[in-house]
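Quick notes on the structure that follows.
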Amino acid sequence: MRRRQRRTALACLVTAALLTATACAPPDLGPLPPRYSGPPLSADTAVSEMRSALAAEGVVVEREPSGGLGRCLERLSGRHAPETVDAALKSAFGRARSEYGWQTGPDMGSRTLTLTKGNWTVTAGLPVKPAQGIQAPVIMSLICLDGSSTPAAADPAPPNAA
């Protein structure tokens, strides 16, 4: 009787171990798809294209110095007339799509605009209407999907509006 209990207990342990091993092992799905398509863009190119698209719509932004070395993060900021800031930002994003090949990015809500191109994602929030007489802030973040395109030094020169 004890021998049968030991065999049953041993069989249960082996079965449990096999089930656990197969249940915990991830299925082989093959290689992962690339995180972006096309050649990687440099930070200077991404910033230049977005500044040009914004300047063509009358929105002037400055490139802020990158905070950390080796991080793919750029930030553009400026101010614009509150009456036209929403329309100007939407038009600039449309211009970036049509003239520079940026694609519509992930949906982040109705008050956020997003674009992607290569290894970069651009986001800008539509500002809330500021108090009377104050210009609306324009803040745009450019985020790189991989660390191979390190940010360059700040570029204080305004873009050439085409």
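For the stretch 113-144, the set of residues classified as over 17 Å from residue 73 (Cβ atoms), open to solvent by 30 Å² or more (accessible area, probe 1.4 Å) and not hydrophobic (A, V, I, L, M, F, W, C) consists of 129, 130, 132, 133, 135, 137, listed by residue number. A search for C-beta distances below 6 Å between a residue of the stretch 87-103 that is assigned to a loop (DSSP other than H, G, I, E, B) and any residue that is open to solvent by less than 60 Å² (accessible area, probe 1.4 Å) and not β-branched (Val, Ile, Thr), counting only pairs 6+ apart in sequence or on different chains, returns 102/96; 102/115; 102/117. Within the stretch 61-112, the residues that satisfy the criterion of being aliphatic (A, V, I, L, M) and surrounded by 16 or more Cβ atoms within 10 Å (Cβ to Cβ) are 61, 76, 85, 88, 89, 92, 96.
Among the residues of the stretch 38-54, those that are surrounded by fewer than 17 Cβ atoms within 10 Å (Cβ to Cβ) and either acidic (Asp, Glu) or in a helix (DSSP H, G or I) (or both) comprise 44, 45.
The values are calculated or read from the model by the stated rules, or taken from the named source; none is laboratory data. All of these numbers come straight from a predicted model, not from anything done at the bench. FYI the Cβ positions are ideal-geometry reconstructions off the backbone, even for glycines, and counts take in every protein chain you see. With ligands, DNA and RNA removed, areas are computed over all heavy atoms of the protein, side chains included. Shrake-Rupley method; radii C 1.70, N 1.55, O 1.52, S 1.80 Å.
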